[in-house]
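Participant: Handing you a structure now.
Since every read-out is calculated from the coordinates, none of them should be taken as a lab result. This is a predicted model, so every value here is computed, not measured. Here the Cβ is made from the backbone with ideal geometry for all residues, glycine too, and neighbour counts use every protein chain on show.
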Amino acid sequence: MAFLALGLLVSQTVDLEKIKKLLLVFLVTIIASTAFALLSSLVFEPRTLFIVLWVLIVVVCIHAALLPKWTPKLSTVSVISLGLVMGQMTVPEPGPFWSFTVTTLGSIAGCFLGFLYSALLFNFVFERFQKFWQRTVLRVIAAWLFAISFLLSALQIAGKSV
């Protein structure tokens, strides 16, 4: 859901060239965050990471639904912050070296490809469909993502299992 929300926000806010730069920023951020999680003795509790993730998704969805052209800088901040949180969440449990390495690299690649597909798909949709009502449909999708994210965030904060 984070990648859908981020793709909606980025594709509405910036052009394709900036999206390519943001993809690179996301990849570097998620690798740096994963490396920090692997090398640091500081360990974040998974529940805390999930709460931070859902709150970030709620903020991204609000801006994608209500203020898409308002803040291009928010796209960059959102990409970096979600990359940092996703990088912390991609570290698997310790185990044999090769399976640990493959799992970590697979998680990073999956996060990058999720954002890549989402951003490019929504960019294609926004370039292809120029009518007001068509763009409104995409903003309604962002509002639905906000509602679902807000509900899941509330459940995480309340301590219920999702």
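Residue by residue, here is whether (1) under 14 Å from the mean Cα position of the chain (by Cα); (2) within 27 Å of LEU38 (Cα to Cα) holds:
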{"position": "PRO96", "(1), (2)": "no, yes"}
{"position": "ILE108", "(1), (2)": "yes, yes"}
{"position": "CYS111", "(1), (2)": "yes, yes"}
{"position": "GLN134", "(1), (2)": "no, no"}
{"position": "ALA143", "(1), (2)": "no, no"}
{"position": "SER153", "(1), (2)": "no, yes"}
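Participant: Under 9 Å by Cβ, and 6 or more places apart or on different chains, what pairs join a residue from segment 1-16 that is within 24 Å of VAL52 (Cβ to Cβ) with one that is among the acidic types (Asp, Glu)?
Facilitator: From segment 1-16, the pairs are SER11/GLU127.
Participant: Please count how many residues of segment 19-59 are under 14 Å from VAL91 (Cβ atoms), of a type in the set (D, E, K, R) and touching a residue at least 24 places away in the same chain (Cβ under 8 Å).
Facilitator: Selection size over segment 19-59: 0.
Participant: Among the residues of segment 125-158, which ones are in contact (Cβ under 8 Å) with a residue 12 or more places away in the chain, over 19 Å from HIS63 (Cβ atoms) and in contact with a Lys or Arg (Cβ under 8 Å, 6 or more places away or on another chain)?
Facilitator: Hit for segment 125-158 is GLN156, nothing else.
Participant: Among the residues of segment 67-86 satisfying the criterion of being touching a residue at least 40 places away in the same chain (Cβ under 8 Å) and over 11 Å from the mean Cα position of the chain (by Cα), which is nearest to VAL43 (Cα to Cα)?
Facilitator: Selected residue: THR76.
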